[in-house]
Every structure is written in C-alpha cells, then in structure tokens.
Amino acid sequence: MKVLIADDDGVSRALLRAHLEKAGHEVVEATNGRSAWQTFRNGSFPLVISDWMMPEVDGLELCRMMRAEDRRLYTYVILLTALGGRGSYLEGMRAGADDFLSKPFDAEMFRSRLHVAERILKLQSEVSQLQALLPICSYCKKIRGESGSWVPVEAYIAARTDTRFSHGICSDCYRDEVLPELARHRG
C-alpha cells in the first residue's frame, strides 16, 4: 500500500518509514503540511500518517483539507502527536482523523493500528467493488435502481454522471436484426 508520511522531524520520518517498509508498504515523505497537501493532491494514498504540529500547515488542517476533497476512495488518516489527553484526541477526530497515536510511539501499538487501517481499507475496497456491480436484465438491459424499479441503462447512467448518449446500430445488429426486418417488409 502507498503511504504518505507528513512530519517535520527527520528522525520520526525515518522511524515511520522503517516500520512501514518492513511491513511491505511503499512510503512517500513530506517535511511539512503544505508539501504533504501537494503530494496528496497529486497522488493516491490509501493511508496518511501525519504529525499534528508542523510548520506551514499543521496536521489538523491537513486532515480537514483532505476530508474536504471529493475522492472516490477513502484515505485512512493516523494523526501522531506529542499532545495527549481526551481533548486533543477529540479535536483530532473532529478534524477527520481515523486514529490517534501519541509520540513517541510504541512500535507494537503502531503495528496494531496499521493492521486496523489495512483491514478497514480492505473492507472499503470490497464495498467499492460491490457498489460497482450493476444488476442488469439479461434480456432488455434495464438496470435495477436503488428503489428496486427497472430503468433503461441510459437513464440510469445519465442520472448519475454527465454522460450523454447518441444512438446508432452496430454492424452485428444491423446484419442480424435490421436486414431481416427490412427483408420481411419488402417481401
């Protein structure tokens, strides 16, 4: 999995990188919140691990900015901080973090939280795949919508996208359907 680390402390970044690479992940590093934001916007990161206190853009603001993005796939965010206590935890969660880990972090706790993130992201991927399946009639090609009613495929797609349709006849249907119909009318 591709992981973005945002931390202004080089030692913390190196430690995180070592743990993540040992677990088989691809790691991209950012040294502050602004560069993390640019990196995030230009890539696809299922997991972001961010320090709370960073120059330019802090971890809370980075988290808010990521949550404001309209992304098809979910990004799991772990917020790292030297701040402790219930208030900090709640503030991090309100900003959109999925998990919260105190610095200096315990390696075993980090691995546990990483496993939770992996499970949740795997489930999210499975749900996305299931949502991508469309129940379509084998005969008329209508799609069953959320209300249970069957609608033409064009109406279903047009209601959910900016797609517009133009109609034509493919060569197979022209040969197998149109030509025999024309012949019956001439005959």
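What FRET efficiency comes out for the pair Phe165/Leu134, r = Cβ-Cβ distance, R0 = 25 Å, nearest 0.05?
FRET efficiency, Phe165 to Leu134: 0.95.
If R₀ is 30 angstrom, what is the calculated FRET efficiency for the pair Ala14 and Arg72, using the beta carbon separation as r and rounding to 0.05?
Working: r = 32 Å, r/R0 = 1.07.
Approximately 0.40, to the nearest 0.05.
List the relative contact order of segment 1-118 as a percent without decimals, with contacts defined as Cα pairs under 8 Å and 6+ residues apart.
23
Of the candidates Leu133, Leu80, Leu15, which one comes out as most mobile in a Gaussian network treatment of the chain with C-alpha springs shorter than 10 Å?
Fluctuation is largest for Leu133.
Take peptides 153-159, 91-97, 26-32, 178-184 and line them up by average Cβ neighbours within 10 Å, highest first, as a rough protection proxy. Write down the numbers at each step before the final one.
Details: 153-159: 14.3, 91-97: 18.7, 26-32: 16.7, 178-184: 9.9.
Listed from highest to lowest mean packing, they are 91-97, 26-32, 153-159, 178-184.
What share of the DSSP beta bridges in the chain is antiparallel, in percent to the nearest 5?
Beta bridges within the chain, antiparallel portion: roughly 15 percent.
Go ahead and set up a Gaussian network model of the chain, Cα springs under 10 Å, then flag whichever of Arg113, Arg86, Arg144 fluctuates most.
Maximum fluctuation in the GNM of the chain, among the listed residues, is at Arg144.
How much mean residue ellipticity at 222 nm does the chain get from its helices, if each DSSP H run of length 4 or more adds -39500 (n - 2.57) and you divide by all residues, to the nearest 500 deg cm²/dmol? Spell out each step's value before the answer.
Numbers: 7 runs with 83 residues, N = 187.
It comes out at -13500 deg cm²/dmol, rounded to the nearest 500.
His115 versus Ala82, label points 7 Å from Cα toward the beta carbon: distance in nm?
3.1
Starting from the Cα of Lys103, draw a straight line to each of the aspartates and glutamates and keep only those under 17 Å, dropping any in the same chain fewer than 8 residues away.
The qualifying aspartates and glutamates are Asp7, Asp8, Asp9, Asp51, Asp58, Glu91.
Among 65-73, 41-49, how do they line up by average Cβ neighbours within 10 Å per residue, starting with the highest? Write out the running numbers ahead of the final one.
Numbers: 65-73: 11.6, 41-49: 17.6.
By packing density, highest mean first, the sequence is 41-49, 65-73.
Using r as the Cβ-Cβ distance of Arg144 and Asp106, and R0 as 45 Å, what FRET efficiency do you calculate, to the nearest 0.05?
0.35
Given C-alpha coordinates of segment 1-124, what is the ratio Rg to Rh with the Kirkwood estimate of Rh? Show your work: numbers first, answer last.
On the way: Rg = 13.0 Å, Rh = 14.2 Å.
Checking Rg against Rh, the ratio lands at 0.91.
Throughout, read-outs are computed from the coordinates displayed, never taken from laboratory work. Every value quoted in this text rests on a predicted model; they were computed, and no experiment measured them. Neighbour counts run over all protein chains shown; Cβ positions are idealised from the backbone, glycine included.
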